[in-house]
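Working notes for the structure below.
The values are calculated or read from the model by the stated rules, or taken from the named source; none is laboratory data. Please read these numbers as outputs of a predicted model, since none were measured by experiment. Glycine gets a Cβ as well: all are built from the backbone with ideal geometry, and neighbour counts include every protein chain shown. In case anyone asks, the SASA skips ligands and DNA or RNA and just uses the protein heavy atoms, side chains included. Shrake-Rupley method; radii C 1.70, N 1.55, O 1.52, S 1.80 Å.
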Amino acid sequence: MMTINRLTYTLFCFLLFFIGAADLQGQVKDFQSWWELELNKEISGKLDLEGELEQRFQNNSLQYSRTLVTLGASYDLLDFLRLAGGARTIFVMEGEEQHLRARYRVHIDLTGRYDLSGFDLSLRTRIQYGFEELLALSYFRLKSTANRNKLKVRYHIFGTRIDCFASVESYHSSNNESQWLTYAIRYSAGVRYSPNFNSRFSLRYILEDEFNMPNPLKLHILVLGYSCNL
């Protein structure tokens, strides 16, 4: 019965993931580099607390883009289903004078996991809300709402401390006519090395296509990350 439930959930998420696909348009290319630091703390067998600091550079990685600080928590509803949520503060350079300004987001995630012949499959659906002033509920508008669906596969190389992974993620939001459109797709592949049980280093490449929006970009991104379990 548990296997059937897992398979049903996975098939449902596959259908959800591909809703809203759109044709690509012309884009401006850029190479970016990101740096990530992630801290995790297990509170109980099902509850985890998480914190993440991320630094991004744009314009061929020569110009500061933004800093992201995220705090969140996750809880295992079932052995294959996890509920998570969090809040994010984004410091971003904007305007011709390049002033540093803060933006805020809150999100809720539902992630399903399924093991298939040694491959760890997961699909996460996220609803996020963005606003410009802290505690200003008037900024929770429909056009600040986005849905993100991420399908990921991970494989551990037997006898080593290395994992390989790949993912594809779609971004959906509404336009002025309240129609939901896909505005970006992000493809990613990388490796993860665990020197011990509590820490991991990761290196991944991201190709991100933007469309159905003004001035769409095609981004090539190199991401170096470090994760630690406290």
Label-zone membership for region 47-83, site residue 35, 7 angstrom Cα→C-beta point, backbone N under 18 Å: 52-70
Using unit Cβ charges (K, R positive; D, E negative) and no other charged atoms, how large, in debye to the nearest 20, is the dipole of region 174-230 about its Cα centre? 380
Leaving out ligands and nucleic acids, and using a 1.4 Å probe, what accessible area per residue does region 54-99 come to in Å²? 55
Given 114-123, 31-40, the highest-first ranking by average Cβ count within 10 Å works out to 31-40, 114-123
Note, ³J(HN,Hα) from phi for region 86-91, Karplus 6.51, -1.76, 1.60, rounded to Hz, x at Gly and Pro: x, 10, 10, 10, 10, 9
Residue 205 and residue 92 label points (each 7 Å along its Cα→Cβ direction) are spaced in nm at 2.7
Convex hull volume of region 37-136 per residue (C-alpha atoms, cubic angstrom): 141
Length released on extending from residue 99 to residue 53, taking residue separation times 0.36 nm less the Cα-Cα span: 14.5 nm
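Taking R0 as 45 Å, what FRET efficiency do you get between residue 218 and residue 197 from their Cβ-Cβ distance, rounded to the nearest 0.05?
0.70
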Taking a label point 7 Å from the Cα of residue 110 along the Cα→Cβ vector, which residues of region 43-83 have an amide N closer than 13 Å to it? 77-78, 81-83
Working out 0.36 nm times the residue gap between residue 145 and residue 60, then minus their Cα-Cα distance, what length gain in nm do you get to one decimal? 27.7 nm
